[in-house]
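All remarks here apply to the structure that follows.
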Amino acid sequence: MPFAGILQYAPDPTKAENLNDPLPKAQPGALQFHNGSWYRYVQFNNGVGNVATTSGHPAFWMDRANGEVTSDKTSCQHGATAASGACGVFLGVVTDGYYTWVQLTGIHPTVVLTGAGAAGQHLTIPASDVNAFTIGAWTTVASQVCGVQLATVDATHGVCDLWMLYT
């Protein structure tokens, strides 16, 4: 018996041809487990700030009930200054109004960070309008922890293990 809201068969959510769909190929909000990671199918809205996406940018809930996300923190349904509301990580560039997969759990090679950080630092949801995740030590974090940095890629990207399945 299939699980409600979890796709039993779906295309590879990490392939470029499945990341910018003009028409939905699944129900927005549907979950898929693929190669050790969880993904959610969503509709993208670039928000009032017209903020574009790229791989590794945080996705924020704009309308959770309808599976709609944004890359514009000011349009997040939790509020622009709330240290919550991230629901995944974008896997590439998405056209406004199109459908895509966002990654919820597992290793992502180029998460956009507010600084280089270091292995072992925790990823948190930004409490300001930045299109990146905040990094910091566990003891100093006062917001929603959603992953851990495994390595530094460059001054603004890190290899991170994501934990956002229940956000």
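Any read-out appearing in this document is the output of simple, stated calculations on the displayed coordinates, not a laboratory observation. Here the structure is a predicted model, which is why all the values come from computation and not from measurement. In this analysis, Cβ positions are derived from the backbone assuming ideal geometry, glycine residues included, and neighbour counts consider all displayed protein chains.
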(request) Rank by packing, highest mean first: peptides 112-124, 21-33, with packing defined as the count of other Cβ atoms within 10 Å averaged across residues. (result) 112-124, 21-33
(message) With θ taken as phi - 60° and the coefficients 6.51, -1.76 and 1.60, list the Karplus ³J(HN,Hα) couplings across region 72-78 in order, rounded to whole Hz; mark glycine and proline as x.
(response) 9, 4, 5, 9, 5, 5, 8
(request) Using Rg/Rh (Cα atoms, Kirkwood Rh) as the read-out, say which of (1) 0.98; (2) 1.11; (3) 0.95 was calculated from these coordinates. (result) (3)
(message) Let me check against my output: what whole-number percent is the relative contact order of the chain, with C-alpha pairs under 8 Å and at least 6 apart?
(response) 21
(message) Counting other beta carbons within 10 Å of each residue's own, what order do Asp154, Asp96 fall into, fewest first?
(response) Asp154, Asp96
